[in-house]
Amino acid sequence: MSKHLKKLFSVLMAAIVLVTSTIPSSATAASRPGRPSFKIVKRAKKSVTLKISKTKNATGYQIFIANSKNGKYQQTAASRIRTVKLTKLKKDKAYYVKVRAFRTVGYHITFGRFSKAVKIDKYGKKKKPSSDATETPSPDIVSGPAITVTPAALAL
């Protein structure tokens with residue numbers, strides 16, 4: 001009799017598992033977050049501050065850093081806030097940083113695409129351009145003060 005009970009119990013358990021697996025669950029899959037962008041706010045001797053733009057469907061952000069653009073990136077920070085300070089950098093080295101957004105629903109994490117890699121220059125004064133690179137306009141063409149165009153002015 002105990003053999004029949006064991007068989008009946010195993011068939012009953014299989015039926016319960018089959019029925020519960022076909023019922024749709026209330027948890028939905030997390031939609032994939034967008035591709036973030038960011039900018040470097042401040043570069044100090046041993047740190048850099050990043051400002052990440054708000055990304056649709058993002059719960060948080062992961063920051064990855066490498067020594068070369070196509071090198072091996074390692075995760076340095078994960079943050080739910082959009083202003084991040086990376087520390088322990090060397091002032092004589094340039095770094096490349098990229099960011100990706102993630103979204104959590106329950107215990108499931110969905111990652112977005114990586115941002116473009118941005119170069120963090122070495123700490124220190126920037127070199128002045130050589131005198132050969134800058135040309136002064138001839139007085140015949142321009143009357144009045146010379147106008148210089150900076151990259152910041154082009155962004156407007």
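Counting Lys +1, Arg +1, Asp -1, Glu -1, what net charge surrounds ILE52 among other residues with beta carbon under 9 Å of its beta carbon?
Values: positive: LYS39, LYS51, LYS54, ARG82; negative: none.
Computed value for this residue: +4.
What is the ratio of the Cα radius of gyration of region 38-120 to 2.2 N^0.38 Å, where N is its residue count, to two decimals? Walk me through the numbers before you get to the answer.
On the way: Rg = 12.9 Å, N = 83, 2.2 N^0.38 = 11.8 Å.
Rg over 2.2 N^0.38 Å, computed on Cα atoms: 1.09.
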- Item | Whole-Hz couplings from phi, Karplus 6.51/-1.76/1.60, listed for region 75-82; x for Gly and Pro | 6, 10, 7, 9, 9, 9, 9, 9
- Task: Starting from the amide H of LEU89, placed 1.01 Å from N in the peptide plane, find each other amide H under 5 Å away whose residue is 5 or more places distant or on another chain.
- Result: SER47
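Rounded to the nearest 20 Debye, what is the dipole magnitude of region 38-120 about its Cα centre when Lys and Arg each give +1 and Asp and Glu each give -1 at the C-beta?
360
Counting other Cβ atoms within 10 Å, which chymotrypsin sites (Phe, Trp or Tyr not before Pro) in region 24-119 have at most 16 and lie in a DSSP loop?
Values: sites: PHE38, TYR61, PHE64, TYR73, TYR95, TYR96, PHE102, TYR107, PHE111, PHE114; in loops: TYR73, TYR107.
When the chymotrypsin sites (Phe, Trp or Tyr not before Pro) of region 24-119 are filtered for loop state and at most 16 Cβ neighbours within 10 Å, TYR107 remain.
Read-outs: derived from the displayed coordinates by stated rules, not from any lab. Note that the coordinates shown come from a computational prediction; the quantities given were computed from them, not determined experimentally. Every residue, glycine as well, gets a Cβ built from its backbone with ideal geometry; the counts of neighbours run over all protein chains shown.
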